[in-house]
1. Using amide H atoms built in the peptide plane, which far-off residues or other-chain residues are under 5 Å from residue 151 H to H?
2. Mind checking the per residue accessible area of region 48-159 for me, 1.4 Å probe, whole number of Å²?
3. What is the sum of charges around residue 289, taking Lys and Arg as +1, Asp and Glu as -1, for the other residues whose C-beta is under 14 Å from the C-beta of residue 289?
4. Please give the residues of region 269-307, grouped as numeric ranges, whose backbone N is less than 19 Å from a label point set 7 Å along the Cα-to-Cβ vector of residue 330.
5. Considering only DSSP states other than H, G, I, E and B, which GluC sites (Glu not before Pro) in region 396-460 qualify as loop sites with at most 11 other Cβ atoms within 10 Å?
6. Pop out the ³J(HN,Hα) list for region 11-24 in order, Karplus 6.51 cos²θ - 1.76 cosθ + 1.60 with θ = phi - 60°, rounded to Hz; leave Gly and Pro as x.
7. If you take the beta carbon distance between residue 354 and residue 315 as r and set R0 to 60 Å, what does 1/(1 + (r/R0)^6) give as a FRET efficiency, to the nearest 0.05?
8. Just to confirm the number: angle between the C-alpha axis of helix 109-145 and the first principal axis of the chain, 0 to 90 degrees, nearest 10?
Amino acid sequence: MAQLWGGRFTKETDQLVYDFNASITYDQKFYRQDIRGSIAHVTMLAKQGILTEAERDEIIRGLQGILEDVQSGALKITEEYEDIHSFVEANLIERIGDTGKKLHTGRSRNDQVALDMKLYTRDEIQELDRRLKDLLEVLLRIMKEEIHTYMPGFTHLQKAQPVTVSHHFGAYFEMFKRDRGRLADIKKRMNTCPLGAGALAGTTYPLDREYTAGLLEFDSATLNSMDSVSDRDYLIELLSALSTVMMHLSRFCEEIILWNSNEYQFVEIDDAYSTGSSIMPQKKNPDIAELVRGKTGRVYGALVTLLTTMKGIPLAYNKDMQEDKELTFDAIDTVKGCLTLFTGMIDTMEFKRENMEASAKNGFTNATDAADYLVNHGVPFRDAHGIVGQLVLRCIEKGISLDDLSLEEYKSISPVFEEDIYEAISMKTCVEKRMTLGAPGAAVMEQVIAREEAYLQEEA
Ligand code: ARG
């Protein structure tokens, strides 16, 4: 047991208590951030004359040595330390002797851990954003390529009106774009430095908190020391944003699972992203899509867990807050993994264009356009709706689509129909005529794609 405290104790900590309390198995994940924070702290202490420059240099050299050795594997982070802060401090003292004992001047583990978690979260937000951007680039490529790939658009999972693959993927583009926006908002709001808040009430040393904040690329120092050590709002916001990312991925996965099924055959997931069955030789299962959909549950779970953990905690720091880490780390790693796998899966997925178009035709997705044809020839919409309803019924009886009805049959229900009805209800016409901003028509889709492309080129 290597602890940073013990002076006022007369008995050893019970081993079970020690183990229950320790966080080294998971807070070692932010050893880099812990060392970075300590370097900034001693730099500020020296500027304020609290440490000498020689002490500062010695400590920084020691900390850099620890960082290098942990990175290279020469120094192992082991469970004999209570947490990552104890590990770094104990190793520093071992390396440089008594000067190392000055590192923790004007600091508490409460503000230290608040800082480490913020630094870690900020780095991970950047990585999550990068992966979301990779996904958007693949989506945009598909949107460009499939601008004329007609498919049924659905409401109530019933075929409704024809759209294109480009348009359908464009809907997800908007969702993931908003997800990036949420991450950027969180980063903006959380970007204040808690270091210097001490245990809860600041310190008596003349710290320059704004200086430390600047060294660590924060916009400013936090303004209330009690809030500084007990604020976990940004983690709740992050878990909420990550839950939304997973909700989007999960909806997309559900569609891909359907589209990849024998019944739809709209897409084929690449062999590299599918798995087989141990008993049924014919199977090629969309396990990746299912797993991403399934993992949504654990990210939602993390959000609800942290909200619940935080709900009854009085000011300021309480040990409950240590519970923020494992679930946040797990949620971040889960989302990063899901984003990468999902992006690879759709990047390699094949679109069965003919099946998609045939499905749109066979589902009467052009029925609204047939009614509009009549309206354009002077028939009131309500009557046109009834006429096309009768035509659809006739098609259902015959097992054919509106495109396959003869002109005589059209005319037998309404004399208004002429040869140009076929052109008017072709998938091409139905889609390309829809040219309001945001609709699937190729002309407007191209404008939207150009805007999305410009958005991706802006550096976030
Ligand atoms: N491991 C602790 C955490 O994650 C660090 C802060 C410990 N502070 C304390 N007063 N016990 O929250």
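1. 163, 164, 165
2. 43 Å²
3. My count for the surroundings of residue 289 gives -3.
4. Within reach of a label on residue 330: 291-307.
5. Loop-located and lightly packed - 419, 458, 459.
6. 10, 5, 5, 4, 4, 5, 5, 4, 5, 5, 7, 5, 10, 4
7. Numbers: r = 64 Å, r/R0 = 1.07.
After rounding, the FRET efficiency stands at 0.40.
8. It is inclined by approximately 20 degrees.
The values are calculated or read from the model by the stated rules, or taken from the named source; none is laboratory data. Keep in mind the model is a prediction, meaning the values are calculated, not measured. Cβ: placed from backbone, ideal geometry, glycine included. Neighbour counts: every protein chain shown. Please note that ligands, DNA and RNA were not included when accessible areas were found on the heavy atoms of the full protein model with its side chains. Shrake-Rupley method; radii C 1.70, N 1.55, O 1.52, S 1.80 Å.
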